[in-house]
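Shown next, in structure tokens, is the structure this report addresses.
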Amino acid sequence: TNVIALTIDGSEGGNATFAGHVNTVDNKGVYVGTGLDFGMYHDGTHTYLTNDSVAGSNLYIRNATDDGFIEFQGDNGTGGLDTYLRVDGTQHTIDVFKQTHFYDNVKAMFGSGNDLQIYHDGSDSYIDDTGTGWLRLRGNGGVILSSYSEGETMLQATRNGAVTLYFDGAA
């Protein structure tokens with residue numbers, strides 16, 4: 001049987017309907033916009049979504065389905081796919097499922113004024129509170145500062161109890 005693969009409707013501004021896949025060869029893409037501003041193509045190795053519009057324009061990825069997700073998935077090393085990042089429309093959260101890696105001198109910044117900054121400079125690690133308030137470390141049972149490599153306690157503050165300083169493992 002014959003199938004109509006392409007239907008062109010010139011009414012109401014015109015529409016084209018494809019009844020099958022739209023295939024392009026490597027290094028040829030599908031472009032939309034008057035100036036061919038948005039494109040998607042494959043170069044034989046990599047796949048690209050490109051916004052090549054005027055300066056200051058944005059690329060939006062949207063899921064308008066009620067309580068839907070946007071999931072970023074990639075190879076899991078065993079032939080399958082894992083979700084690495086999810087924008088959760090039900091919980092109104094961004095969920096991270098894998099470790100995040102920040103290179104030296106790249107800060108994780110929090111607050112509308114970037115008041116809390118956590119980073120590593122290649123030698124030392126920093127937790128900086130650059131705002132006007134206090135930096136608060138909170139633990140329900142208390143707070144312990146210890147060395148990473150030996151686990152040696154340097155300070156122990158117990159809730160409703162003593163604050164103990166340690167020197168070379170001794171209080």
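The values are calculated or read from the model by the stated rules, or taken from the named source; none is laboratory data. None of the values given here were measured: they were computed from a predicted structure. Glycine gets a Cβ as well: all are built from the backbone with ideal geometry, and neighbour counts include every protein chain shown. Ligands, DNA and RNA are stripped out before the accessible areas are found, and what is left, the full protein with its side chains, is counted by its heavy atoms. Shrake-Rupley method; radii C 1.70, N 1.55, O 1.52, S 1.80 Å.
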* Asked: In the list Gly80, Gly29, Gly35, which residue meets the criterion of being at negative phi, modelled with pLDDT of 95 or more, over 20 Å from the mean Cα position of the chain (by Cα) and small (Gly, Ala, Ser)?
  -> Gly80
* Determine which member of the set Tyr103, Tyr31 is surrounded by 13 or more Cβ atoms within 10 Å (Cβ to Cβ) and not acidic (Asp, Glu). => Tyr31
* In the list Tyr126, Tyr148, which residue meets the criterion of being under 23 Å from Phe102 (Cβ atoms) and touching a Lys or Arg at 6+ places or on another chain (Cβ under 9 Å)? -> Tyr126
* Just checking, which of Gly80, Gly74 is open to solvent by less than 60 Å² (accessible area, probe 1.4 Å) and touching a strand residue (DSSP E or B) at 6+ places or on another chain (Cβ under 8 Å)? -> Gly74
* Is there any pair linking a residue in the stretch 68-94 that is over 19 Å from His46 (Cα atoms) to one that is part of a loop (DSSP other than H, G, I, E, B) and among the polar types (S, T, N, Q), with Cβ under 6 Å and at least six apart or on different chains, and which? -> Ile70/Asn63; Asp82/Asn76
* So which pairs qualify, if the first residue must be in the stretch 2-23 and more than 22 Å from Gly39 (Cα to Cα), the second must be part of a loop (DSSP other than H, G, I, E, B) and open to solvent by less than 70 Å² (accessible area, probe 1.4 Å), the Cβ gap must be under 7 Å, and the two must be at least 6 apart or on different chains? -> Ala5/Gly20
* Asked: For Gly113, are the conditions met, namely being on the phi < 0 side of the Ramachandran plot, of a type in the set (Gly, Ala, Ser) and assigned to a loop (DSSP other than H, G, I, E, B)?
  -> yes
* Residue check, Thr65 in contact (Cβ under 8 Å) with a residue 24 or more places away in the chain and exposed (fewer than 10 other Cβ atoms within 10 Å of the Cβ) -> yes
* Asked: Regarding Asn63, is this residue of a type in the set (S, T, N, Q) and within 28 Å of Met40 (Cβ to Cβ)?
  -> yes
